[in-house]
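Participant: Starting off with a structure, shown below.
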Amino acid sequence: MDIREKLMEAITPHNVFNISLFGLTIPVSDTVIVMWIVMVFLIIFAFVFTRKMKLIPEGKQNVTEIFVGFINSFAENNIGHHWRVFAPYLGTILLFLVFSNMMSLFNVIPSGEQLYSLTHIEFFKHFPRIEIKPPTRDINVTVAMALMSMAVVVLGTIRVKKFSGWLKTFTQPMLAFAPFKVLDYFIRPTSLSLRLFGNILGAYIVMELIYFSLPPILPAVLSIYFDLFDALLQAYVFVFLTSFYIAESVE
C-alpha cells in the first residue's frame with residue numbers, strides 16, 4: 001500500500017457494524033463511535049467534577065469553577081445582557097469540540113490482529129478495527145454542529161425577542177436588507193461547518209504524512225501544534241463565531 005492509499009484509508013470514515021431497527025439497517029461508522037466515546041467521557045467528567053460541591057471550593061471544584069467562570073465571562077462579553085440563556089450551550093459545545101478535535105492523541109487502541117497475535121484468542125481475530133480519529137474531520141459532523149448552532153441562534157432570538165421580534169430582525173436596519181438576512185442563514189452554517197472541517201482535516205492529513213515519512217520523535221513534537229493547539233484554536237473559533245451570531249440577533 002503506497003502513501004496515497006494509506007492516506008485515503010486514514011481520512012475515510014469506515015463502517016464498524018450495523019444496527020437493525022424496524023426493518024432498517026443503520027450503519028455505525030468509526031466517527032459515530034468516537035463521538036459516543038467523547039460524550040461518555042464528558043458525562044463522566046461532569047458527574048465526577050460536580051459531586052459534593054462545597055461553599056468554599058477546593059481541588060476538582062476549583063477546576064470546575066474556573067471553567068464555568070471562563071464560559072460565563074466569555075458569554076457575557078460577547079453576547080451582552082442575555083448571556084445567561086446561551087452560556088450552557090457555549091460551554092458544552094466548547095468542551096465537545098476540544099475533546100473531539102484532539103482525539104488523535106488517544107489513538108492507542110490495538111487492532112484485532114494485534115490483540116490476536118498477543119493473546120491467540122480467536123475472538124479478537126475477527127474484531128473490527130477501531131481507530132480513534134477526530135470526528136470533526138467528517139463533514140457530516142461539522143454540518144450537524146453548524147446547523148445546531150444556527151438553531152440555537154434562531155430559537156434563542158425567538159425566546160428573547162418573541163417570534164414577531166425575530167421576524168423584525170430581517171428588516172433591520174431597512175427592508176432592503178431582508179434578502180441578505182435570509183441568505184445569512186445559509187451562508188453562516190456553511191462557513192462554520194467548512195471552516196471547522198477544513199482545518200481539522202488539514203491538520204489530520206499533515207500529521208498522517210509526517211507519521212508516514214519521518215522518525216517517531218519529530219511527529220510527537222509537531223503533534224503539540226497540529227493535534228493540540230490547532231484543536232483548541234478551532235474549537236474556540238467555532239464557539240466565538242456562534243456567540244457573535246447570537247449577539248447580532250438578540251441585541
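Participant: Based on the Cβ-Cβ distance from residue 105 to residue 50, what FRET efficiency comes out when R0 is 22 Å, to the nearest 0.05?
Facilitator: 0.30
Participant: Once fully extended, how much extra length lies between residue 229 and residue 140, figured as 0.36 nm per residue of separation less the alpha-carbon to alpha-carbon distance?
Facilitator: 29.7 nm
Participant: Rank the residues 86, 45 as a footprinting-exposure proxy: fewest other Cβ atoms within 10 Å of their Cβ go first.
Facilitator: Ordered from fewest to most neighbouring Cβ atoms within 10 Å, 86, 45 come out as 45, 86.
Participant: Assuming a ≥ b ≥ c are the square roots of the Cα gyration tensor eigenvalues, decide whether segment 20-93 counts as rounded (a/c under 1.5), prolate (otherwise, with a/b larger than b/c) or oblate. Each step should come with its number before you reach the end.
Facilitator: Numbers: a/c = 3.33, a/b = 1.70, b/c = 1.95.
Since a/c reaches 1.5 but b/c is at least a/b, the shape of segment 20-93 is classed as oblate.
Participant: For segment 23-98, run through the GluC sites (Glu not before Pro) and keep only the ones in DSSP coil with at most 15 other Cβ atoms within 10 Å of their Cβ.
Facilitator: Loop-located and lightly packed - 58.
Participant: May I ask you to sort 186, 67 by Cβ crowding, counting other Cβ atoms within 10 Å and putting the fewest first?
Facilitator: The most exposed by this proxy come first: 186, 67.
Participant: For the residues 152, 38, 239, 28, what sequence is obtained by ranking on other C-beta atoms within 10 Å, fewest first?
Facilitator: 28, 152, 38, 239
Participant: Between residue 29 and residues 5 or more places away or on another chain, which pairs have amide H atoms under 5 Å apart, with H built 1.01 Å from N, and which residues are they?
Facilitator: Amide H to amide H, under 5 Å and 5 or more residues apart or across chains, residue 29 pairs with 16.
Any read-out appearing in this document is the output of simple, stated calculations on the displayed coordinates, not a laboratory observation. As the structure is a prediction and not an experimental result, all values here were calculated from the model. Counting neighbours? That spans all protein chains shown, and the Cβs are built from the backbone with ideal geometry, glycine included.
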